[in-house]
Amino acid sequence: MTNKHSIKRGVSFYSFQEEYFLRQMSLEDIIATTAKLGIPGVEIIPDQMIRGYPNIPDSFVKQWHGWMEKYERTPVCIDMFLDWNKYDGRIMTTEERVESIKMDIINANKLGCSVIRVIHDAEPEILEGLAPIAEKYNVKLALEIHAPSFYDSPLEQRLIEMFDHVQSPYLCFTLDLGVFCKKLPRVASERFLREGMKPEIVEYLVDGYNNGTLPKSNELSRRDAGLADKIMEMGGRKEDVYWAYMGTHMIYAEPRKMLPYLKYTSHIHGKFYEMVDDQTEFSIPYDEIIPILIEGGYEGYIDSEYEGNRWIQDAFDVDSTEQVRRHQAMLKSLLGEE
């Protein structure tokens with residue numbers, strides 16, 4: 001494959017959450033690891049990794065840019081969150097949500113990041129109102145498309161209508177590649193077994209997901225969805241229903257369906273659950289996805305986002321660095337870098 005594209009590689013620090021939480025890796029350790037692995041771009045989770053956020057001390061800003069220079073990395077994106085319930089007894093008002101995202105925009109600019117991964121449930125009206133601020137600080141507001149939603153979901157269609165009306169390059173999407181989960185991750189089904197689920201129920205869930213016959217998580221509120229009843233009929237427990245619902249949160253969309261929407265997409269989360277020994281992802285067909293991104297002219301970063309950690313941490317040591325290394329090796333190969 002030739003390198004006739006402008007796609008760049010990065011990594012979300014979300015990938016290292018296990019080691020960071022256990023204090024096995026500091027923020028600088030993570031940045032140093034990205035340099036060791038040859039990953040050009042970095043994406044930080046400021047609520048988790050910057051003490052006092054959203055009030056960032058000048059000392060941290062100086063240290064951050066010092067790290068970027070020392071390890072020769074490029075800051076790309078911050079992940080923002082709207083903690084609607086941060087105030088006792090009430091949720092955030094619209095004005096408070098606007099101010100919260102405005103602070104994220106200013107902070108992204110301070111850290112040298114040109115993209116904010118916007119949490120999925122930010123309303124189109126709020127983002128539209130923030131377009132002038134985003135342009136002023138040269139920061140794109142890229143709302144995340146995440147399973148079980150896709151470009152054709154109701155909120156995303158409202159956003160596209162707004163994008164077309166406003167015509168601002170600073171309003172766009174982050175696409176999470178978990179929407180192309182073709183097989184139920186093996187790390188999930190193996191966790192089901194460790195949690196005591198009957199093998200025949202696990203087999204039913206794996207076969208049902210892989211064949212597209214299980215109800216998706218956005219259908220599970222319907223009483224007639226049937227999944228919980230089926231599990232209980234098979235001798236399952238309430239805990240099994242909980243684990244099954246976690247598994248059905250994943251979806252598979254046909255990758256070519258994203259082509260008409262790539263013009264609205266400025267950032268990508270390269271979701272992965274398990275990189276196997278041959279440097280392919282067990283569940284997500286990257287060899288089908290990357291060529292379509294190239295065909296569609298996507299020009300932003302693909303940031304590796306490891307999420308298998310949460311499925312194995314009950315029984316195994318998590319080695320996020322090795323998983324990210326394999327994922328980046330796969331990306332390099334598919335992007336024609338080697």
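The values are calculated or read from the model by the stated rules, or taken from the named source; none is laboratory data. Treat the numbers as computed from the prediction; the structure is a model and nothing was measured. For neighbour counting, all protein chains shown are included, and Cβ atoms are generated from backbone atoms with ideal geometry for every residue, glycine included.
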message: Based on this model, can you work out whether residue 118 counts as at pLDDT 95 or above, touching a Leu at 6+ places or on another chain (Cβ under 6 Å) and crowded, with 17+ Cβ neighbours inside 10 Å?
response: yes
message: Can you find, within the range 138-158, the residue that is surrounded by the fewest Cβ atoms within 10 Å (Cβ to Cβ) among those that are of a type in the set (S, T, N, Q) and on the phi < 0 side of the Ramachandran plot?
response: 157
field: Close pairs from the range 242-259: first under 26 Å from residue 232 (Cα atoms), partner basic (Lys, Arg) and part of a helix (DSSP H, G or I), Cβ under 8 Å, at least 6 apart
entry: 243/191
field: Of the criteria (1) over 21 Å from the mean Cα position of the chain (by Cα); (2) modelled with pLDDT of 95 or more; (3) β-branched (Val, Ile, Thr), which one residue 93 fails
entry: (2)
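With the condition kept exactly as written, say whether any residue in the range 50-61 is in contact with a strand residue (DSSP E or B) (Cβ under 9 Å, 6 or more places away or on another chain), assigned by TED's automatic domain parsing to the domain that holds residue 266 and on the phi < 0 side of the Ramachandran plot.
yes
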task: Select from the range 286-328 the residues that are within 17 Å of residue 16 (Cβ to Cβ), acidic (Asp, Glu) and part of a helix (DSSP H, G or I) and list them in ascending order.
output: 322
message: Quick test for you: out of 333, 283, pick the one residue that is in contact with a Cys (Cβ under 6 Å, 6 or more places away or on another chain) and touching a residue at least 24 places away in the same chain (Cβ under 8 Å).
response: 283
statement: Scanning the range 247-284 residue by residue, those part of a strand (DSSP E or B) and not β-branched (Val, Ile, Thr) turn out to be 252, 266, 267, 269, 270, 271, 272, 275, 281
